[in-house]
Amino acid sequence: MALMDRSLVQKVIERLSQAKAPALFTHLRPDGDAFGSLLGLAHVLKDRGQTPTLHVEGSMIPMYRFLPGSDLVQEIPDQFPTAADAFVVLDTSTRERVGKKTVGWKQPVDVVIDHHVSNPGFGSLNLIVPEIPATAGVLFQLFTTAGWKISPASATCLYAGLSTDTGSFRYRGTNAQTLRIAASLVELGADPSEIAKHCYLSITKERYHLKKLTSETLSLKDNEKSGFLTILPDFYSKSGAKSEDTEGIIEEVTSIQGLEVASLFEFGSDGTLRVSLRSKGRVDVNAIASPFGGGGHRAAAGIRFPKDAEKNRDLVLAAISRAIADLKD
Ligand code: 5GP
Ligand code: MN
């Protein structure tokens, strides 16, 4: 159990054990690691006789409905649930990313479990392990240390989180320990090919259409070392896709040879701008996102702007150009 502070881990185990009805949350626009961690933890706590509630802004995304227990996921209530006796947040790099409705809540966050290097630690207990490439992997280590049983249902959820956040064990950060965790999860009942079928080999035609519209906007700059995509509000009405269908589009751009940084700018109909940044590893996109109030990891980060979309897009593109100009080659 290297990489994790033993006394902190013990405190997290005690705090989670004390709660009869912990309320579990993750980040807005949840991905595979968000749902996998949420459900993976819920199964373990339920097997221990606790009654967790699971809350996500926007509820369950259809693509992840195959995860065991997905029907437990509820929309975030207006107030922190009165019956809950612990506020637990998973895979979420900032307090704001728990969801719009929760931002004004007085209730302090009790436990944060995460792997984002940019996480400031906004809970009373903060188990943040950037050396493990998915929150699901942090949870696996936690359960193993606690001696808590991981059922096949929990193993399936955790494996899905680990697999999706490592890009199917391809991204930097995937190491021998990651694969050992994956192997243990398979021994505990996760089925890699079945999980891959749902996570990677099953897209709706609406998602395919959105991807096609977006791909056509590709613009290369900085001597073809960076490229960006644009999503305009009417792409959704044209394709019939939903906002979660943007996941994965940017990865294809990142794979273009010679490219160092890929970005995606999603313009909202209300003047907002959502930015996704990806790097092959030489440029630190977390460092590009941070001054704008965003964050994430070295190779994948994001930013959200409430207004001035075009101006902010240009500022981010300028920051990318500077980072690329700074590369020595
Ligand atoms: P994505 O581009 O897939 O939305 O996000 C990539 C990574 O950046 C994820 O690890 C995500 O948690 C982080 N991220 C995305 N958007 C934001 C943001 O607005 N603020 C912060 N702090 N992190 C973000
Ligand atoms: Mn994650």
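Side notes on the structure shown:
- Pairs, first assigned by TED's automatic domain parsing to the domain that holds Val44 in region 133-155, second among the small types (Gly, Ala, Ser) and modelled with pLDDT under 95, C-beta under 8 Å, six or more apart: Pro133/Gly173
- Applying the condition of being open to solvent by less than 10 Å² (accessible area, probe 1.4 Å) and assigned to a loop (DSSP other than H, G, I, E, B) to region 17-26 and asking which residue is farthest from ligand 1 (Cβ to nearest atom) yields Ala19.
- The strands (runs of 3 or more DSSP E) found wholly in region 51-145 and carrying at least 3 residues that are within 16 Å of ligand 1 (Cβ to nearest atom) occupy 111-114.
- Selection within region 160-186 - free of Cβ contacts under 8 Å to residues at least 24 places away in the same chain and in a helix (DSSP H, G or I): Ala176, Leu179, Arg180, Ala182, Ala183
- Among the residues of region 235-258, those that are open to solvent by less than 70 Å² (accessible area, probe 1.4 Å) and over 19 Å from Ala323 (Cβ atoms) comprise Phe235, Tyr236, Ser239, Gly240, Ala241, Ser243, Glu244, Asp245, Thr246, Gly248, Ile249, Glu251.
- Residue list for region 70-89, restricted to those being surrounded by 14 or more Cβ atoms within 10 Å (Cβ to Cβ) and touching a Gly at 6+ places or on another chain (Cβ under 9 Å): Ile76, Phe87, Val88, Val89
- Selection from region 113-127 of residues that are under 14 Å from the mean Cα position of the chain (by Cα) and more than 11 Å from ligand 2 (Cβ to nearest atom): Val117, Ser118
- Residue-level check: of (1) farther than 28 Å from Arg6 by Cβ; (2) away from ligand 2 (no atom under 15 Å from the Cβ); (3) surrounded by fewer than 22 Cβ atoms within 10 Å (Cβ to Cβ), Thr144 misses just (1).
- Residue check, Asp33 within 16 Å of ligand 1 (Cβ to nearest atom) and in the same structural domain as Glu194 (by TED's automatic domain parsing): yes
- Close pairs (6 angstrom Cβ cut-off, 6 or more residues apart or separate chains): at negative phi in region 56-68, part of a strand (DSSP E or B) and of a type in the set (Phe, Trp, Tyr) anywhere: none
- In a residue-by-residue description of region 312-328, the property of being within 16 Å of ligand 1 (Cβ to nearest atom) and not in a helix (DSSP H, G or I) applies to no position.
- Matching residues, region 274-298, being crowded, with 21+ Cβ neighbours inside 10 Å and more than 9 Å from ligand 1 (Cβ to nearest atom): Ser279, Val283, Ile288
- Filtered residues of region 161-182 (kept if more than 26 Å from Lys11 (Cα to Cα) and within 16 Å of ligand 1 (Cβ to nearest atom)): Ser163, Thr164, Asp165, Thr166, Gly167, Ser168, Arg170, Tyr171, Arg172, Gly173, Thr174
- Yes/no for Arg48 being within 16 Å of ligand 1 (Cβ to nearest atom) and open to solvent by 40 Å² or more (accessible area, probe 1.4 Å): no
- Which listed residue, of Thr135, Thr102, is of a type outside the set (Phe, Trp, Tyr), away from ligand 2 (no atom under 16 Å from the Cβ) and buried (at least 18 other Cβ atoms within 10 Å of the Cβ): Thr102
- The residues of region 172-207 that are surrounded by fewer than 13 Cβ atoms within 10 Å (Cβ to Cβ) and hydroxyl-bearing (Ser, Thr, Tyr), listed by number, are Ser193, Ser202.
The values are calculated or read from the model by the stated rules, or taken from the named source; none is laboratory data. Being a predicted model, the structure only gives us computed values, none of them experimental. Methodologically, a virtual Cβ is constructed for each residue, glycine included, from the backbone with ideal geometry; neighbour enumeration extends over all protein chains shown. Heavy atoms of the whole protein, side chains included, go into the accessibility calculation; ligands, DNA and RNA do not. Shrake-Rupley method; radii C 1.70, N 1.55, O 1.52, S 1.80 Å.
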